[in-house]
Amino acid sequence: MSDEAKKAEGKIDRMVAPTWDLRGKQSVRTTFKLQKKTIATIAELAKKFSITQKEVFDVVCDKLLREEGFAEEVKCLIDEGSQIGGTVGGVTLAGDKAEDEVRKTYVLSQTAIVVLNQFSKRQYETRDILIELLFQHFKELFDVSVEREKKSHENALEIITNSLSSVHDVKGQLEKLLGPDDPVTLRFNQIMILMERLHLDINLELEQGWPVSTD
């Protein structure tokens, strides 16, 4: 299991009362009627986080239960849809259902199902609609976070790019002063190689979406 998955599981273990511990870890198959774009979003998030779709539900339900601000935002989306009697962000809340809705079965933890059931009852909305809105809003927040990180990494790349020219100058000065085989020169060459590798990794992340390794 990946580190992110372990963290997600740890959150779920702590989010319910002790009497729920064993039941919360059980897996249950349940079927929803969802728009194809929501199904695609769930799959995309699982891939991006390198966790299972079951764990994606756990993470989102944990956020719904623990983060009051997130829960209030979802409530507002439901209220908005109820008031206008139509759709919110492409999610149909009243009237005719979307034409691209399909039945999809997921394996969820018992804890996630309890959270979804309780929240949907309190909001007088179906679980299907709740899931549509949950993942729509979570994806929007995730996209904003990714865009913010991308902008920061673009700025970091600019700083490193500007620094590399100075680094090469220092390398030349050290080789002239100490020689290419001096331990100080060799150690500095290693630092320069690491900076060049980091520069390449950031470029790959920005251009192809490959995450920067901490190694």
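Just so you know, all these numbers are worked out from the coordinates, no wet-lab data involved. Here the structure is a predicted model, which is why all the values come from computation and not from measurement. So basically every Cβ, Gly included, is an ideal-geometry build from the backbone, and we count neighbours across all protein chains shown.
A few comments on the model shown:
- Report note on the peptides 137-149, 36-48: ranked by the mean count of other C-beta atoms within 10 Å, highest first, their order is 36-48, 137-149.
- Residue-wise HN-Hα coupling along segment 179-189, computed from phi with Karplus coefficients 6.51, -1.76, 1.60 (Hz; x: Gly, Pro): x, x, 9, 5, x, 5, 5, 5, 5, 5, 4
- Value in Å of the Kirkwood radius, where segment 148-208 supplies the Cα pairs that are averaged: 12.6 Å
- Stretchable slack from Asn117 to Lys36, in nm (0.36 nm times residue separation minus alpha-carbon distance): 27.0 nm
- Under 5 Å, built H, 5+ apart or other chain: amide partners of Ile51: none
- Cα shape, segment 104-208, gyration tensor, a/c 1.5 rule: prolate
- Nonlocal amide H pairs with Glu125, under 5 Å, H built at 1.01 Å: none
- In order along segment 58-74, the phi-based Karplus estimate (6.51 cos²θ - 1.76 cosθ + 1.60, θ = phi - 60°) of 3J(HN,Hα) comes to 4, 5, 5, 5, 4, 5, 5, 7, 8, 9, 4, x, 5, 4, 5, 5, 5 Hz; Gly and Pro are listed as x.
- 3J(HN,Hα) couplings calculated from phi for segment 156-169 with the Karplus curve 6.51 cos²θ - 1.76 cosθ + 1.60 (θ = phi - 60°) are, in sequence order, 5, 4, 5, 5, 5, 4, 5, 6, 4, 4, 5, 4, 5, 5 Hz; Gly and Pro show x.
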